[in-house]
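Q: Would you mind keeping the following structure in view while I ask a few things?
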Protein chains: 2
Amino acid sequence: MVGIKDVAEAAGLSVATVSRALNGNPSVSDAARERVLAAADALGYRPNVVARSLRTHRTGTIGLVISDVLNPYFTELARSVEEEARALGYSVIIGNADERADLEDHHVRNLLERRIDGLLVSPADGHSPRTLEAASGPTPVVFVDRWIPGVDVPVVRSDGRGAIRDLVDHLCSLGHRRLAIITGPTATTTGRERVDAFRETLAAHGIPLPESYIGRGDFQVESGRLATERFLDLPERPDVVFATDNLMALGALDAIGERGLRVPHDIGLAAFDDIPWFSHTDPPITTISQPTAELGRVAVRALADLVEGGAASSTVLPAHLVVRRSCGEPDPRTPSGGAARE
Amino acid sequence: MVGIKDVAEAAGLSVATVSRALNGNPSVSDAARERVLAAADALGYRPNVVARSLRTHRTGTIGLVISDVLNPYFTELARSVEEEARALGYSVIIGNADERADLEDHHVRNLLERRIDGLLVSPADGHSPRTLEAASGPTPVVFVDRWIPGVDVPVVRSDGRGAIRDLVDHLCSLGHRRLAIITGPTATTTGRERVDAFRETLAAHGIPLPESYIGRGDFQVESGRLATERFLDLPERPDVVFATDNLMALGALDAIGERGLRVPHDIGLAAFDDIPWFSHTDPPITTISQPTAELGRVAVRALADLVEGGAASSTVLPAHLVVRRSCGEPDPRTPSGGAARE
DNA sequence: ACGGTGCGTGTAAACGTTTACATGATAGGA
DNA sequence: TCCTATCATGTAAACGTTTACACGCACCGT
């Protein structure tokens, strides 16, 4: 491999000058700069960023630990994170936790050992020891989407509570009374927030949420299927089930289809996270949409601020309801206030 | 940051012994090993992999450049790559090319500068200069899914031609005669393979493929929509359109839905790549399924072989047809031979 | 008692950069 | 003309590891 040394030799200059020329240091003469560039080009010189990082203590890399790469919500997040990071001069290393705390641990450790400049994490579960450790360590950390309460780290997330209120209002306006929910892991903040907001709004409408109408999922397809099967076995089947992420909604659809039931005629379905396929399912699915790409961008900017010595603050972006047909046809005379329509 | 030096001091040993103990070198006494481990633990020592990499010329990292993170096919690939790589002791850095040659270039360069041990790439386009350069450079390279003809690099891919033959047979058996195709970029091998196999099988059935029935797409949603709109504007609308990836199929669905047309009654639709949503669209979509996760695993193993000094060979895995309802109901008396059914 | 063997440990160089500091040349001011 | 400031460049240390080599010691066979 050709190094800075070879370039120096070819250009008849010292390594210091070559390094300076390559880094755009102003205190190098035009003549020297030209010779360096020519030599580097001729030799096909490629900087060795690992050596550079060792010396500078900066890797130009941020880590992103997401909960599940197979979840379109997170891939969209990852994409916008990478895009913004690239614009800011950083590379991104993605770690996929598959909703498992041990994998999250693995990736957090791995990324820290690689001496990333900053870490973006969507904690799968509040109990990953490495994540907690990282949060109080020297490497800047920003939580995105989910966070860990009580940990003093900036959070960039969206607040789904308003949209969930709109959703429940919408469901009630359609005449539904038996509402069920498939939750995420209650150890995650998003999991808890969604079920809490749901329960509170139900209470405001004077509707109870019996334990049998709460399915405990883990944000994965299979758990959505299982929870839905349990609902369908109930003597009093719910009018509509609200799956708190898109994968569990897919599982619910699987379970409903397997019984030969039809949405929304036999049972309604609502979801969280809007993904392109939701317009094309049978029927199109009513869901709550987050400003996913924006979340990623804001999170990266917050982290970059932190890395560069600034002080980042938390951001909360609103989510909104997107009404489609999976909960029944809305009565045109009584639009539910404030909810967005397609 | 606490380094090996601090550990050495705390343990009352030299850095060499500490390094050896930490790396499981057998020539260190149990007593010393224990002291080292205790000291490292007490100090919260974390190895600095960038220093290690500089010295050993190995980063324990492989790069993966995929064509599009938003494409579920590639995220499934990425997931299996990471999983297998982790099992083999490697980390993965993913670069997303978004089907753009310039981004592919960017990521290939970036990864090589990071001195990854090996590179897995699904070339977006045959003309990315860096990818070609990398293929003949010192860093081991394996192509996955797509490849560049004439470049001497192992390829791990699936062969869709057999499945496309099955698909065309299936469509003909349903009585369809006007078959249209939305291709990928013809600079990609998968793009070309799919249209070639389609055209050949059509010819074998004595059916022409007029230019107007070939929509030139780029594996992205929007191009699928545009191509489909053009088909729908034709005086003789095709009986069925075959979108050669899942995103363009989504675009086609968009276009068809916007005209108020119904699949398969007004027009049939077939796709390439099976994704979970295809069972839940309206109607469920007939498609060609690749052994995606297996492709990822095999590719990683091939690359790891190469990295460790072995000689890797190419692998071709078969794809197969999955018949659903988007091309019309099959006549139960004439099952199309060999095609898998759900 | 002696040379050889092996084992555990230490010393120091090396990996490819960046950068503080030193140096030499040039130019400017008096 | 000399002193000094400025500028371009060079020298060498440092970043945190790994590892070739050297060393000292205990043990073995003769």
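The values are calculated or read from the model by the stated rules, or taken from the named source; none is laboratory data. Not measured: the values here are computed from a predicted model. Here the Cβ is made from the backbone with ideal geometry for all residues, glycine too, and neighbour counts use every protein chain on show. Heavy atoms of the whole protein, side chains included, go into the accessibility calculation; ligands, DNA and RNA do not. Shrake-Rupley method; radii C 1.70, N 1.55, O 1.52, S 1.80 Å.
Q: GNM, chain B, Cα, under 10 Å: largest mean-square fluctuation among B:GLU258, B:GLU76, B:GLU34?
A: Highest fluctuation of the listed residues: B:GLU34.
Q: So if R0 is 45 Å, what FRET efficiency would A:GLU308 and B:GLU329 give, r being the distance between their Cβ atoms, rounded to the nearest 0.05?
A: Values: r = 61 Å, r/R0 = 1.37.
Efficiency, from the Cβ-Cβ distance: 0.15.
Q: Comparing A:GLY328, A:GLY24, A:GLY160, which has the greatest mean-square fluctuation in the GNM of chain A with Cα pairs linked when under 10 Å apart?
A: Maximum among the listed residues: A:GLY24.
Q: While we're on this one: Please check the stretch B:55-99 for residues whose accessible area, probe 1.4 Å, is lower by 30 Å² or more when all protein chains are in place than in their chain alone.
A: In the stretch B:55-99, residues shielded by partner chains: B:VAL69, B:LEU70, B:THR75, B:ARG79, B:GLU82, B:ARG86, B:SER91, B:ILE93, B:ILE94, B:ASP98.
Q: Right, here's the next one. For A:LEU37, place a label point 7 Å from Cα along the Cα-to-Cβ direction in every copy; what are the distances to the other copies, in nm, shortest first?
A: Taking the point 7 Å beyond Cα along Cα→Cβ, the inter-copy spacings are 5.6 nm.
Q: Oh, and also: Please report the antiparallel percentage of the DSSP beta bridges confined to the protein assembly as shown, to the nearest 5. Mind showing how you got there, number by number?
A: On the way: 7 of 77 bridges.
Approximately 10 percent, going by the DSSP bridge assignments.
Q: Just to confirm a number: summing +1 for Lys and Arg and -1 for Asp and Glu over residues other than B:HIS127 whose beta-carbon lies under 11 angstrom from that of B:HIS127, what do you get?
A: Computed value for this residue: -3.
Q: Going by the alpha-carbon gyration tensor, a ≥ b ≥ c the square roots of its eigenvalues, is the protein assembly as shown rounded (a/c under 1.5) or, if a/c is not under 1.5, prolate (a/b greater than b/c) versus oblate? Please report the intermediate quantities before stating the final value.
A: Working: a/c = 2.04, a/b = 1.31, b/c = 1.56.
Note, shape of the protein assembly as shown comes out oblate.
Q: 222 nm [θ] for chain B, helices only, -39500 (n - 2.57) per DSSP H run of 4+, per residue, to 500? Walk me through the numbers on the way to the answer.
A: Working: 12 runs with 145 residues, N = 342.
Value at 222 nm, helices only: -13000 deg cm²/dmol.
Q: Report, to the nearest whole %, how much of the accessible area of chain A belongs to carbon and sulfur atoms, 1.4 Å probe, protein only. Before the final figure, lay out each step's value.
A: Numbers: 6980 of 13920 Å².
Taking all protein chains in place, chain A shows 50 percent carbon and sulfur surface.
Q: In addition: Give me the distance between the Cα centres of the stretch A:77-91 and the stretch A:1-42, rounded to whole Å.
A: 30
Q: What is the spin-label model distance, in nm, from B:LYS5 to B:GLU211 if the labels are put 7 Å beyond Cα along the C-beta direction?
A: 7.2
Q: Grab the other residues whose beta carbon is less than 12 angstrom from that of B:LEU43, score K and R as +1, D and E as -1, and report the net. Please report the intermediate quantities before stating the final value.
A: On the way: positive: B:LYS5, B:ARG46; negative: B:ASP6, B:GLU9, B:ASP41.
Net local charge, B:LEU43 excluded: -1.
Q: Do any residues of the stretch A:1-50 lose at least 10 Å² of accessible area when the full set of protein chains is present rather than just their chain alone, and if so which, with a 1.4 Å probe?
A: Buried-area filter returns A:MET1, A:ARG46, A:PRO47, A:ASN48, A:VAL49, A:VAL50.
Q: Please give the net charge around A:GLY3, taking every other residue with its beta carbon less than 13 angstrom from that of A:GLY3, where Lys and Arg add +1 and Asp and Glu add -1. It would help to have the intermediate numbers written out before the result.
A: Values: positive: A:LYS5, A:ARG46, A:ARG52, B:ARG115; negative: A:ASP6, A:GLU9, B:GLU113.
Once all neighbours under 13 Å are counted, the net charge is +1.
Q: Using a Gaussian network for chain B with springs between C-alpha atoms less than 10 Å apart, which of these wobbles most: B:ASP274, B:ASP233, B:ASP68?
A: Comparing B:ASP274, B:ASP233, B:ASP68 in the GNM, the peak value goes to B:ASP233.
Q: Could you pull out the longest piece of chain A with no exposed loop trypsin sites (Lys or Arg not before Pro) in it, calling a site exposed if DSSP puts it outside H, G, I, E, B and it has at most 16 other Cβ atoms within 10 Å?
A: Maximal segment without exposed cleavage sites: A:178-258.
Q: Where the centroid of each part is defined by its Cα atoms, how far is the stretch A:123-161 from the stretch B:206-285 in Å?
A: Each part reduced to its Cα centre gives a spacing of 43 Å.
Q: List the accessible area buried at the contact between B and A, summed over both sides and calculated with a 1.4 Å probe, in Å² to the nearest 100. Could you put the intermediate results ahead of the total?
A: On the way: alone 16070 and 16080 Å², together 27820 Å².
The B and A chains share an interface burying roughly 4300 Å².
Q: Now, a different point. Work from the charge dipole of chain A (Cβ charges, +1 for Lys and Arg, -1 for Asp and Glu, about the Cα centre) and give the residue of A:ALA243, A:ASN71, A:ILE214 farthest towards its positive end.
A: The Cα lying farthest towards the positive end belongs to A:ASN71.
Q: I've got another one for you. Can you give me the accessible area per residue for the protein assembly as shown, using a 1.4 Å probe, in Å²?
A: Numbers: 27820 Å² over 684 residues.
So the protein assembly as shown comes to 41 Å² accessible per residue, rounded to a whole number.
Q: Let me ask something else about it. Any residues in the stretch B:251-296 that have 40 Å² or more less accessible area with all protein chains than in their chain alone, probe 1.4 Å, and which are they?
A: B:TRP277, B:HIS280, B:ASP282
Q: Using R₀ = 56 Å, calculate the FRET efficiency as 1/(1 + (r/R₀)^6) where r is the Cβ-Cβ separation of A:ARG230 and B:VAL15; round to 0.05. Working shown, then result.
A: Numbers: r = 59 Å, r/R0 = 1.05.
The pair A:ARG230/B:VAL15 has a calculated efficiency of 0.40.
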